[in-house]
Structure formats: structure tokens, C-alpha cells
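What follows is a single structure, written as C-alpha cells, with notes after it.
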Amino acid sequence: MVFFAGAVFLVLGVEMEGSLPKRRIGGRGGESGIIRWIKHNSGRVRYQLGIGVVVSCVVPVMMRWDIGLAEKAAIASQWNSFVATVLAVVSAYFVVRRLKRYPGVAGMSFILPTFTVTFAIALFVFAFLRLDYSRLFLLVSFVNAQIWFHLVYLVSSRANKLTFAVVPGGNAGRLADIQSVDWWFLDKPALEGEAPSGVAADLRADLGDKWEAFIAEIAISGIPVYHYKQIRETLTGQVQIEHLSENNLGSLLPDFVYLRFKQSIDFVAAMLLFPVLLPIFVVIGICIKLDSKGPVFFRQRRMGFRGTMFQVWKFRSMIHDGPTQPMNRAVAITQTADPRITRFGAFLRRTRLDELPQIFNILRGEMSWIGPRPEAVSLSHWYESELPFYRYRQIVRPGITGWAQVNQGHVANVDDVRSKLHYDFYYIKNFSVWLDILIVMRTIVTILTGFGAQ
């Protein structure tokens, strides 16, 4: 199977080799035709997806279609399997492609889990509708899809590193501290050599007639031109909010249609998961009681949606020393290696299991599965006095996990909170189902690795 798929790649690569453009694309001499072809076409949907469907869906059909054709059931099984694998491959491809738009996303890391989910959905549909299908067909299709799309992303990630030409003037020079991109800082209004991925400029600065003419010419030629803040937000996953003059609060308003839809999804998901989580709650409660004295649950007043205060529920992970409502920020902040954390509490925090009781807050409409973390009231008041626009993060419901948690982890000082706020504002500005899906997938990784736990 793999040999046959490789032969298809090679034939297509040889046929397409003569159509490569004259412009150098970063490949080295001596590479095979298929590698150079993949590098050149790695960003083109019709090639990535088209060949992926052929390799993952058509090739298994060609290998299996001659078996049992005399039986109508065998034909139905082959046809059902073919349609299901096409839908699974196409759906997974576009999900991975959409998630790659967000900062810090390595597309290759999401190929296996995304394709696993879409193929699992196909199996569920077959079982639910009692349709005939071929397990071998789906297995071969799944394996071939992994081989092809990992190959595409492996080659394209090496061949297509982002390069931006930077127009001098204004604050564009602040992009230099971002290490994931090759920056070409221009000293004259002209491009030489290969075309960059785009041009960055401070479009609000007075750049002068020559540079403005250069930017207009670049845009006409088809090379995208970006305001430096747009590039910075895209690459870092943060929205800078230090000064009012730097922000357009209207652009930070979330999609209120999705906000309402998301609340419904949160409630339904919580209702479905509650019976599953109940036995886990019992086991964790027993372990907490055996580990240290005190109540199973920890309750604390937090600042929530639109500034409304509510009681958040968590499994107790610290020693119990009286009132559970911290009255000052020194008590409210959990420090690194905090001596108040119990032995079992350290495990709960590392795996994030201590957050599970917040399903009660979701059912009450006070929280969401995904959103900025709710802060203790005492901390919230402190942050509001120290940080501009802090209250604006309360325009969406707080969540059990969020964009700041999967990127930064736990914070313990005001400088870290400022950085966390940048992540929260990025989430609000890009509020969408796709970003929520990405956060869910990265939260799973966070749980498995214990990233950012305190």
C-alpha cells in the first residue's frame, strides 16, 4: 500500500516538475521532483487535498473493489466506506487548515487527533445507522491519510518559513523581537531577490511619499501589506492594550450571536457530562478526605460575566485553615511551590482535576467551558487599579480553560497578569468556534503535560 502510494506521488511529481516557475522557491539542487513539487504547491488546497483524497480514499477502493463484487452487500459496504472516508478526510483537512491560522499552532501536531476524531465520527455513524462498511478500508484510508498529510506539512513547514519585509518608520521596528519570522528591514523602497510572504509597515505613521508609493506598488503586485500591529497579534496571540490610542475597542467586541450559541452548547455539554463525572467526583472526594482535614470543595467569590460576582466551586487542594474567602491578594495568589498545597492537591492542580466542580457554575450560567479565568474579587480589584482596560475581559463569560492558560499557564505577579491580559484580549477579539476548538485540543495537551500548574 505505502509503495503504491509512493509511486503515485512520484509519477505526479515527475509530471508536474516541468511546470515549476522560474522564481527560486528555496529548494536545494539535487532534490527529487516530488519534494520540489510539494514545496512549490504545499500551500495550494487543490493539490494537498486532491492528492490526499486520491491516496486515502481512491487507492483503497482500487485495491478492494474487485473482492466480492457479486454480492450486493459487498458493493454497499465499499461505497459506504468510500463516501465516509472522503467526508472524514475533507473535514479533517479543513479543520487543521483553519486551526493553523492561530499563533503557535504547528499543523502537524493536530493531524493525528483531528483525523482520529473525524474517522471516529464515521464509525459512530455506521454503528448508529447500522450501515455496512469495511473496517480494513477505513484503516488503510486512515493510515494513508496520516502518511500523506504529515509529508505535506513536514515539507511545507521547512520550505515556507514566513519572511516579511519591514518598511522603516513609526513602530514597525518593534517586530524585531519576534523570533519565529525572518525580518527584512528595508533601507530603500525596493525589493530584491525572492518575494517575501508580506510587507509590514506602521500604516498610521508618516512614511513619506517614496515609501507610500512603494507600498502601493507592492500591494498592486499581489504581495500583501499588513499593519505591524496586525502581524504582531497574529504571531504572538496577544493584543497590546497599554494605551487607549493604540486600541479600537469596537474591534474587540465579541460575536454576541456566538456568545449566546456557546452558552447553549456549554449547558448541554455540562448536562451530558455530569453523570459521567459524578463517580469521579466521589473518588476524588474520598481521596481529599483521606489526604487532609477539611471540606471536599473550596468555594470563593470570583468576578464574572459583566462584573457580576459569583461563588466558584473547586476541589480543595490546599490545607484548610478556616475561612475560605481570601481577603487580600497575598492570600489569594498561589505562589510557586506554595506550602499550603496538599500532596493530593498537587496532583489535582497538575492535572487540572481541581477545576471539574465548576461544571456547577456552567449549569448556573455563571461560567463557560472556555474563556478568561475568573479572578478572586480581591485580585480583580487590585488588577483594575494597576492595569488599564482590565474590566473589559469580563465582556465574555469566564471559563475553566482559556487562551491564556494554554499559552502562559499560572501567573503570580502583576507583570505576568499584564501578559495574560494580552492573551485574554486576543481571545475576545478572535472569539469563534475555531479558536475554542483549538483551546480544547491544547488543553488536552496541557492536562497530559501539566504545563503551567501551580
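The values are calculated or read from the model by the stated rules, or taken from the named source; none is laboratory data. Predicted model only: the values in this text are computed from it and were never measured. Positions of Cβ are generated from backbone atoms using ideal geometry, with glycine treated the same way; all protein chains shown enter the neighbour counts.
Spot the failing condition for L139; the list is (1) surrounded by fewer than 14 Cβ atoms within 10 Å (Cβ to Cβ); (2) in a loop (DSSP other than H, G, I, E, B), and only one is missed.
Every condition holds for L139 apart from (2).
Hey, could you check region 402-414 for residues that are within 21 Å of the chain's Cα centre (by Cα) and β-branched (V, I, T) and say which is modelled with the lowest pLDDT? Let's see the steps before the verdict.
At the first step, the residues of region 402-414 found to be within 21 Å of the chain's Cα centre (by Cα) are 402-411.
Among the residues that remain, those that are also β-branched (V, I, T) are: 406, 411.
Values: V406: 86, V411: 65.
Among those that are within 21 Å of the chain's Cα centre (by Cα) and β-branched (V, I, T), it is V411.
Return the residues of region 159-172 that are more than 21 Å from G237 (Cβ to Cβ) and in a helix (DSSP H, G or I); say none if nothing qualifies. Steps first, answer last, please.
Just the residues of region 159-172 that are more than 21 Å from G237 (Cβ to Cβ), to begin with: 159, 165, 167-170.
Once the filter is applied, which keeps residues that are more than 21 Å from G237 (Cβ to Cβ) and in a helix (DSSP H, G or I), region 159-172 yields only A159.
What is the one condition in (1) outside any helix (DSSP H, G or I); (2) in contact with a helix residue (DSSP H, G or I) (Cβ under 9 Å, 6 or more places away or on another chain); (3) surrounded by 14 or more Cβ atoms within 10 Å (Cβ to Cβ) that K188 does not satisfy?
(3)
Are any residues in region 173-185 assigned to a helix (DSSP H, G or I) and either touching a Lys or Arg at 6+ places or on another chain (Cβ under 8 Å) or more than 17 Å from W211 (Cα to Cα) (or both), and if so, which ones?
Narrowing region 173-185 to residues assigned to a helix (DSSP H, G or I): 173-177.
Residues satisfying the conditions are R174, L175, A176, D177.
Go through region 106-118 and give me each residue that's among the hydrophobic types (A, V, I, L, M, F, W, C), more than 15 Å from I147 (Cα to Cα) and part of a helix (DSSP H, G or I).
V117
Can you name every residue in region 373-401 that is of a type outside the set (K, R), modelled with pLDDT of 90 or more and assigned to a loop (DSSP other than H, G, I, E, B)?
Matches in region 373-401: P374, V396, P398.
Any residue at all in region 304-320 that is at pLDDT 90 or above, basic (K, R) and assigned to a loop (DSSP other than H, G, I, E, B)?
Yes, region 304-320 contains at least one residue that is at pLDDT 90 or above, basic (K, R) and assigned to a loop (DSSP other than H, G, I, E, B).
With the requirement that a residue be at pLDDT below 85 and in contact with a Gly (Cβ under 6 Å, 6 or more places away or on another chain), what does region 424-454 give you?
F451, G452
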